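Here is the structure we will look at.
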Amino acid sequence: MADHQSTKPSASGAGAYTINLESFSKRLKGFYTHWKEHKADLWGSADAITIATPPTSEDLRYLKSSSLNIWLLGYEFPETIMVFMSKQIHFLCSQKKATLLETLKKSAKEAVGTDVVIHVKAKNDDGTALMDEILHAVRSLSKSDPIVGYIAKEAPEGKLLERWSEKLGGSMLQLTDVTPGFSELFAVKDATELTCVRKAAYLTSSVMKNFVVPKLEKAIDEEKKVSHSSLMDDTEKVILDPSKIKVKLKAENVDICYPPIFQSGGKFDLRPSASSNDDNLYYDSTSVIICAIGSRYNSYCSNVARTFLIDATASQSKAYEVLLKAHDAAIGALKPGNKVSSAYQAAVAVVEKEAPELLPNLTKSAGTGIGLEFRESGFNLNSKTDRSLKVGMVFNVSLGFQNLRAETKNPKTQTFSLLLADTVIVSEKPSEVLTAACSKAVKDIAYSFNEEEEEEEPPRARPPVNGTGSFPSKATLRSDNQEMSKEELRRQHQAELARQKNEETARRLAGGGSGTADGRGPVRTSTELIAYKNVNDIPHSKDLVIQVDQRNEAILLPIYGSMVPFHVSTVKSVSSHQDNRTCTIRIIFNVPGTPFSPHDANSIKFQGAIYLKEITFRSKDPRHSSEVVQLIKTLRRQVASRESERAERATLVTQEKLQLSSNRMKPIRLPDLWIRPSFGGRGRKLPGTLEAHVNGFRYSTSRSDERVDLMYGNIKHAFFQPAEREMITLLHFHLHNHIMVGNKKTKDVQFYVEVMDVVQTLGGGRRSAIDPDEIEEEQRERERKNRINMDFQNFVNKVHDHWAQPQLKDLDLEFDMPLRELGFHGVPHKASAFIVPTSSCLVELTETPFLVVTLSEIEIVNLERVGLGQKNFDMTIVFKDFKKDVLRIDSIPSASLDGIKEWLDTTDLKYYESRLNLNWRPILKTIIDDPQKFIEDGGWEFLNLEASDSESDNTEESDQGYEPSDVEPDISSEDEASDGESLVESDEDEEEDSGEDSEEEKGKTWEELEREASNADREKGDESDSEEERRRRKAKAFAKSRVPDIRKGAPSKRPKFR
């Protein structure tokens, strides 16, 4: 157990201590005001209040007298007696304490008009005479016996306090308990006190999140035997030395609230007075671990408790979810004006609704007030406390279930308890949970280590899909039958997904009313083109030469002796050609209504206007001609760029204004970053700093015009990708709505640092592997990469803590990290890239243009060109918005196929396979035009190759009455591309079709068609082509043009030819 570290003047003298007189005056005035206003109901009608502070102790204890010392004077004054009266304040203490208290006289007089009287006790004096003086002053307050208030529950300790208690008891004065008055006085904290509570809570949550949880995970993962008491000792050392977890608080200002509590193995005590025993941590299946820690900063307390579930049963998971809802309900009820009892009543209401059978096991309170005392009397969060909640009150909201039963045979897990606790400040807005950075969500506290159950369930593990190698595991050691079972499980899951997907698509199409726009292009919006408002504004010129007026963005052309102005936006192109001594300038104008020049607002407004299409000038001054052409091109480019940016900005969604962090809450900063897309411009690019403020990020460089604000509410996905095999470490944000970065409109903004310089040594060959310079350089690069990755990780952790605040919790923001082991190579745009899944997206963040696909927006995935002998295949992603073009990722190595299937199945995405690439635009258009037909014909099952193959093998309806015609000669290519189906009919087939011979004889046979094709080729001179080459050309042409008719459901059975 740690020694109690009191903030008290030391025996070395008072010179090292100073009392904050401003705080003393303010709080003394508040004390006297509260005493006066609530004298009858809270202070027992006391005329005088006496406080006796006992000697110091090594035990952890919380006393009202010590709390008053710290609250009023800033330090604890042991063995000191204080008596407060309307006109006087008496102190009985030693000489050194009296020297420090002398400084209070002026402040006390100015604040409440009282005189400070100090009685100095000699070292060997028992203080009896001084006590008599104080009691005489008390008696003089009233003709009758005055009422003296004291703290009834604090027993006197030490000779001085015992003597004082005897004097009070024998004085015949009327005594009353003033504990309720001090409880109410300490309950509402001022700004300084709240700062101390926040720092204490930050330390508490940091120890839980960054030390306790990783230590538990490591012990469980490595199956170490570690006792509860050793965990307690290690955690206590970290609290007392915050630098061990990189918390910048001075060690002399911090202390523990109580020895950290660790419980497991069926023995649980949910009281704060509980202790950690010497049993080993128990983490077998269905076990429960409870951790509770509390820390103090400048004597102000905070607390957090979490429960961790190991391979939880259904009843354990349900009980925890109910407790979590009840705990949140209790916190939500802490609003100004509500009764203190409303918190517990809200929790009880949740338990009664969700699981009434657990109500007898619920703790009898939902926590207590917290501050200078760990448990503030009078503010117990139970069903009876009727005091009102006020802004500035702080509570330890602690709720749990005691002695629940689990359906297991293990005696150490049959009985379990659950506990959650957080430190909460009551505010006008939703209550501020100071320990929210330590997550209590089910996904963060529930661990699954039961390998046997995982093998029985459908495989949900994520195998490597890059095909680079395999690692021995339990799955690779199974028999062939078990492997078949695994594939069968995946097939069954995909069949269930297909059913769900078709139902979901049917509901969406039935209720969405999707439609397409008509085929006409949109009317082009444009600002009205006016070069000059009237004729007088046209600049006068004596020479009839081509002029460029940059201020009015116009060109003046000499036509029939007059200078005719044209706005530069009307110019489509300008060129010059020099021939001998003459130079020709050719200007082509935009003519609305022609191809590639749609109607704009001006052409619609002046429908009867006549347009000049082209004009040519000849000049004998080639120098002037080239200058004019260059000026026109430059001006046209500038205007086009400006109009393009204006059009882009016109479609932007208005963002909220960034709220900068105050001086008290410094912004979280990450310096020396580069941004993509870049700001542009001709100047040298500069790195900038990313700052996290109240409601968004701000990135800025040293240039005043280079600044970007990213609102948290506009962030759809956030990614953190540390450098491993890449050259950069990056933070990437994918947004809901576009923003402007410089003059570029974008939905993706990335901030990155190059972890190593890309330098190529010129001259000289490769250095030796044992070259000390090369080894030192590699070591420097590794250190730089690790340092940058750590800086980014610290920034991400701090932002996560900021996002955990109640006002940002609804945004559900979290940095996602790419899962490299699931990555695969492919071509999403024009170049090959390494594409990596995350928990919610499929991304490629290293090369531009970036790829970010939200998994929840995917309808289905079609794997195309899948077949034996193929080195690569393609992936087509169809989105739920059918008006959006599909996304194709080409040239994925076939070695990645199984891994991608497993990943798609794990993420509950329905995938299909096809041997050819499909033309998706007409397919999606058909679905949108007639969704009812699409639903009736089986939805996406037209893509199911396995279903279509089985139909062709088992049904013969499609054969009956089929007449091959020369209108569909390319159907033979589909047969040749099929999986080995013979073109020669069996005897059985001939017997079945004997009744239709007469009809089939009317059409041409396959041999006749081949003969006609061969004759046609010979006539065209293509006789040199081989039979194999002709077949390959026909198959290729068919693959490009094939679009399955989804109106007819599954593809019909292949035709049979004689």
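Out of (1) over 19 Å from the mean Cα position of the chain (by Cα); (2) modelled with pLDDT of 90 or more; (3) open to solvent by 40 Å² or more (accessible area, probe 1.4 Å), what's the single condition that is false for ASP709?
With (1) over 19 Å from the mean Cα position of the chain (by Cα); (2) modelled with pLDDT of 90 or more; (3) open to solvent by 40 Å² or more (accessible area, probe 1.4 Å) applied to ASP709, the lone miss is (1).
Just to be sure before I move on: is LYS96 assigned by the TED database to the domain that holds ALA129, open to solvent by 40 Å² or more (accessible area, probe 1.4 Å) and under 28 Å from ASP255 (Cα atoms) in the structure I sent?
Yes, satisfied.
Matching residues to (1) open to solvent by less than 40 Å² (accessible area, probe 1.4 Å); (2) within 19 Å of LYS501 (Cα to Cα):
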site: LYS830; (1), (2): no, no
site: LEU855; (1), (2): yes, yes
site: LYS884; (1), (2): no, yes
site: ARG888; (1), (2): no, no
site: LEU897; (1), (2): yes, no
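Tell me, please, whether a residue that is more than 26 Å from TYR62 (Cβ to Cβ), of a type in the set (Gly, Ala, Ser), over 56 Å from the mean Cα position of the chain (by Cα) and surrounded by fewer than 20 Cβ atoms within 10 Å (Cβ to Cβ) can be found in the range 153-172.
yes
Residues in the range 785-828 that are assigned to a helix (DSSP H, G or I), open to solvent by 80 Å² or more (accessible area, probe 1.4 Å) and in contact (Cβ under 8 Å) with a residue 24 or more places away in the chain: how many?
The number of residues fulfilling the criteria is 4.
When the residues of the range 35-69 are filtered to those that are assigned to a helix (DSSP H, G or I) and open to solvent by 30 Å² or more (accessible area, probe 1.4 Å), which remaining residue is farthest from VAL116 (Cα to Cα)?
Ranking the candidates gives GLU37 first.
When both residues are 6+ apart or on different chains and their Cβ atoms are under 6 Å apart, which pairs have a first residue that lies in the range 79-100 and is within 13 Å of THR53 (Cα to Cα), and a second that is hydroxyl-bearing (Ser, Thr, Tyr) and crowded, with 21+ Cβ neighbours inside 10 Å?
THR80/THR53; VAL83/THR50; CYS93/THR80
Please determine whether any residue of the range 77-90 is open to solvent by less than 10 Å² (accessible area, probe 1.4 Å), closer than 28 Å to CYS196 by Cα and under 50 Å from the mean Cα position of the chain (by Cα).
For the range 77-90, residues open to solvent by less than 10 Å² (accessible area, probe 1.4 Å), closer than 28 Å to CYS196 by Cα and under 50 Å from the mean Cα position of the chain (by Cα): present.
What number of residues in the range 903-913 are crowded, with 20+ Cβ neighbours inside 10 Å, over 19 Å from GLU503 (Cβ atoms) and not hydrophobic (A, V, I, L, M, F, W, C)?
Of the residues in the range 903-913, 0 are crowded, with 20+ Cβ neighbours inside 10 Å, over 19 Å from GLU503 (Cβ atoms) and not hydrophobic (A, V, I, L, M, F, W, C).
For the range 738-746, check the following and say yes or no: at least one residue is over 15 Å from SER678 (Cα atoms) and either in a strand (DSSP E or B) or in contact with a helix residue (DSSP H, G or I) (Cβ under 6 Å, 6 or more places away or on another chain) (or both).
Among the residues of the range 738-746, at least one is over 15 Å from SER678 (Cα atoms) and either in a strand (DSSP E or B) or in contact with a helix residue (DSSP H, G or I) (Cβ under 6 Å, 6 or more places away or on another chain) (or both), which makes the answer yes.
Taking the residues in the range 669-692 that are touching a Leu at 6+ places or on another chain (Cβ under 7 Å) and within 30 Å of LEU855 (Cβ to Cβ) as candidates, determine which candidate is surrounded by the fewest Cβ atoms within 10 Å (Cβ to Cβ).
Here the answer is LEU673.
Mind checking which residues of the range 218-237 are touching a residue at least 40 places away in the same chain (Cβ under 8 Å) and either part of a helix (DSSP H, G or I) or open to solvent by 50 Å² or more (accessible area, probe 1.4 Å) (or both)?
Selection gives ALA219, ILE220, LYS225, HIS228, SER229, LEU231, MET232, THR235, GLU236.
Kindly indicate the residue of the range 712-726 that is in contact with a helix residue (DSSP H, G or I) (Cβ under 8 Å, 6 or more places away or on another chain) and crowded, with 16+ Cβ neighbours inside 10 Å and also nearest to LEU813 (Cα to Cα) among those meeting that condition.
The residue in question is TYR712.
Looking only at the range 697-708, count how many residues are farther than 26 Å from GLU844 by Cβ and either part of a strand (DSSP E or B) or in contact (Cβ under 8 Å) with a residue 60 or more places away in the chain (or both).
Qualifying residue count, the range 697-708: 3.
Take the conditions surrounded by fewer than 20 Cβ atoms within 10 Å (Cβ to Cβ) and of a type outside the set (A, V, I, L, M, F, W, C) and apply them to ASN380. Does it pass?
For ASN380, the condition - surrounded by fewer than 20 Cβ atoms within 10 Å (Cβ to Cβ) and of a type outside the set (A, V, I, L, M, F, W, C) - is not met.
Please state which one of LYS96, LYS106 is more than 30 Å from GLY369 (Cβ to Cβ), in contact with a Gly (Cβ under 8 Å, 6 or more places away or on another chain) and not in a loop (DSSP other than H, G, I, E, B).
Of the residues listed, the single one that is more than 30 Å from GLY369 (Cβ to Cβ), in contact with a Gly (Cβ under 8 Å, 6 or more places away or on another chain) and not in a loop (DSSP other than H, G, I, E, B) is LYS96.
Could you tell me whether the range 59-70 includes any residue that is more than 48 Å from the chain's Cα centre (by Cα) and β-branched (Val, Ile, Thr)?
Looking for residues that are more than 48 Å from the chain's Cα centre (by Cα) and β-branched (Val, Ile, Thr), one finds none in the range 59-70, hence no.
Can you work out which of the residues in the range 383-400 that are in contact with a helix residue (DSSP H, G or I) (Cβ under 6 Å, 6 or more places away or on another chain) and more than 21 Å from TYR258 (Cα to Cα) is surrounded by the most Cβ atoms within 10 Å (Cβ to Cβ)?
Selected residue: MET393.
State whether the residues of the range 401-409 include one that is under 30 Å from the mean Cα position of the chain (by Cα) and either assigned by the TED database to the domain that holds SER431 or open to solvent by less than 20 Å² (accessible area, probe 1.4 Å) (or both).
Within the range 401-409 (the criterion being under 30 Å from the mean Cα position of the chain (by Cα) and either assigned by the TED database to the domain that holds SER431 or open to solvent by less than 20 Å² (accessible area, probe 1.4 Å) (or both)), the answer is no, since none of the residues qualifies.
Any residue in the range 832-839 that is at pLDDT 90 or above, of a type in the set (S, T, N, Q) and open to solvent by 30 Å² or more (accessible area, probe 1.4 Å)?
yes
The values are calculated or read from the model by the stated rules, or taken from the named source; none is laboratory data. None of these values were measured; they are calculated from a predicted model. So basically every Cβ, Gly included, is an ideal-geometry build from the backbone, and we count neighbours across all protein chains shown. Please note that ligands, DNA and RNA were not included when accessible areas were found on the heavy atoms of the full protein model with its side chains. Shrake-Rupley method; radii C 1.70, N 1.55, O 1.52, S 1.80 Å.
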